[in-house]
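A short worksheet on the structure shown next.
The values are calculated or read from the model by the stated rules, or taken from the named source; none is laboratory data. All figures in this text were calculated on a predicted structure; none of them were measured in a lab. Note that each Cβ is placed from the backbone with ideal geometry, even for glycine, and that neighbours are counted across all protein chains shown. Please note that ligands, DNA and RNA were not included when accessible areas were found on the heavy atoms of the full protein model with its side chains. Shrake-Rupley method; radii C 1.70, N 1.55, O 1.52, S 1.80 Å.
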Amino acid sequence: GVMPAVAQPINDRPVGPVVGEGQAPLSRVQMINGIEVMNGGANIADANYLKSRTGEFGLRFVFSGRGGAYGVADRLTLRQGDREVLSISDAGPQLLVKLPPGRYTAEAAFKGAVETRTIVVGNSASLVNWNTPRASD
């Protein structure tokens, strides 16, 4: 006799990056003051995942300290003029932010000391490599 064919799912695994057992889950998009952000990158899988999503966000911060070791800002605040646009605690080591084009002031606090950078967001992705010894103190 003839056996009826039974359709099998081609792939029943979840779509997207697969995280191994014991690894932290990958960063997710958060909304803060109506702005999309992704904050994380503490392990290699998450760092690579965030890097791969840079084009969707337009602005990527990478915080590092001595010897290029990843660091985390106690707080990162973005302002446009006098208006605070975004404030996020424990920012990094990588932070992706989706902002409209314009000129922004970024203030990062590391153990009580504040550093400032001027950021210009255009229509293409920008990388802010924030290297400071304070990130590793």
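Between the amide H of V128 and those of R60, F61, V62, distances stay under 5 Å, these residues lying 5 or more places away or on another chain, with hydrogens modeled in the peptide plane.
Judged by the mean number of other Cβ atoms found within 10 Å, the most tightly packed of the peptides 85-95, 38-48, 119-129, 101-111 leads the ranking 85-95, 38-48, 101-111, 119-129.
When the Cα gyration tensor is reduced to axis lengths a ≥ b ≥ c, the ratio a/c is 1.5 or higher for segment 18-137, and with a/b not above b/c it is classed as oblate.
The amide H of S27, built 1.01 Å from its N in the peptide plane, has G41 as neighbours under 5 Å, considering only residues 5 or more places off or on other chains.
At a probe radius of 1.4 angstrom, the accessible area of segment 39-137 per residue rounds to 49 square angstrom. Couplings 3J(HN,Hα) of segment 100-113, computed from phi: x, x, x, 9, 10, 10, 9, 10, 10, 9, 10, 6, x, 8 Hz, in residue order, whole Hz [Karplus 6.51 cos²θ - 1.76 cosθ + 1.60, θ = phi - 60°; x for Gly and Pro].
The label-point distance for A113 and I32, in a model that sets each label 7 Å from Cα toward Cβ, rounds to 2.2 nm. Placing pseudo-labels 7 Å out from each Cα toward the beta carbon at T105 and V120 gives an inter-label distance of 1.8 nm. Projecting label points 7 angstrom from Cα along Cα→Cβ for S89 and L127 puts them 3.1 nm apart.
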